[in-house]
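Every read-out reported here was derived from the displayed coordinates using simple, explicitly stated rules and does not represent laboratory data. Since the structure is predicted, the reported quantities are computational estimates derived from the model, not experimental observations. All Cβ positions, glycine included, derive from the backbone under ideal geometry; neighbour counts span all protein chains shown.
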């Protein structure tokens, strides 16, 4: 695997305070409005695990959220009902860290490629995240605006 194909990152300036962006990103039901691979999320029969439907192939995906409020990081653990791995992460950077206008923040989505993921699937995930960061920006700003 080429080193350039091992991870992917996208960042947007979000025009809400960092704490609000974090609240948006850790909400599993709101995830079902912006994640193209996991739309219409709902709780599964396993506590803390949610499911959603992929717009790409109609398949069901499962995830759980591990949110670190102190560091403003959300890890999305993806997989099946039995096992999930932290393969997607969102990090929110507050305005004072980078000298941004008060009431704004940076939001970054990071993805890591699993060893068995073929090139076409990885390319799809990367392009999806480039669209999803725009959905997150728009929906988060509308949600708190």
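Against the longest principal axis of the chain, how steep is helix 119-144, in degrees 0 to 90 to the nearest 10, with axes from Cα atoms? With both axes taken from Cα atoms, the answer is about 40 degrees. Computed log10 I(q)/I(0) for the stretch 90-144 at 0.29 Å⁻¹: -1.15, from the Debye equation with unit scatterers placed on every C-alpha and solvent omitted. Length gained on full extension, residue 97 to residue 40, computed as 0.36 nm times the residue gap minus the Cα-Cα distance: 17.1 nm.
The P(r) of the stretch 29-85 has a tail past 13 Å containing 59 percent of all C-alpha pairs.
Kirkwood hydrodynamic radius computed over the chain comes to 15.6 Å, based on all pairs of distinct alpha carbons. A Förster radius of 35 Å, combined with the Cβ-Cβ distance separating residue 121 from residue 82, puts the computed FRET efficiency at roughly 0.95.
Could you tell me which of rounded, prolate or oblate describes the stretch 1-48, using a ≥ b ≥ c as the square roots of the eigenvalues of the alpha-carbon gyration tensor, with rounded for a/c under 1.5 and, failing that, prolate when a/b is larger than b/c and oblate otherwise? It comes out oblate by the Cα gyration axes.
Find the relative contact order for the chain and round it to a whole percent, using C-alpha pairs within less than 8 Å whose residues are 6+ positions apart. Averaging sequence separation for qualifying contacts and normalising by length gives 29 percent for the chain.
Working note: 222 nm ellipticity from helices only, DSSP H runs with n ≥ 4, each -39,500 (n - 2.57), summed and divided by the residues of the chain, gives -9500 deg cm²/dmol to the nearest 500.
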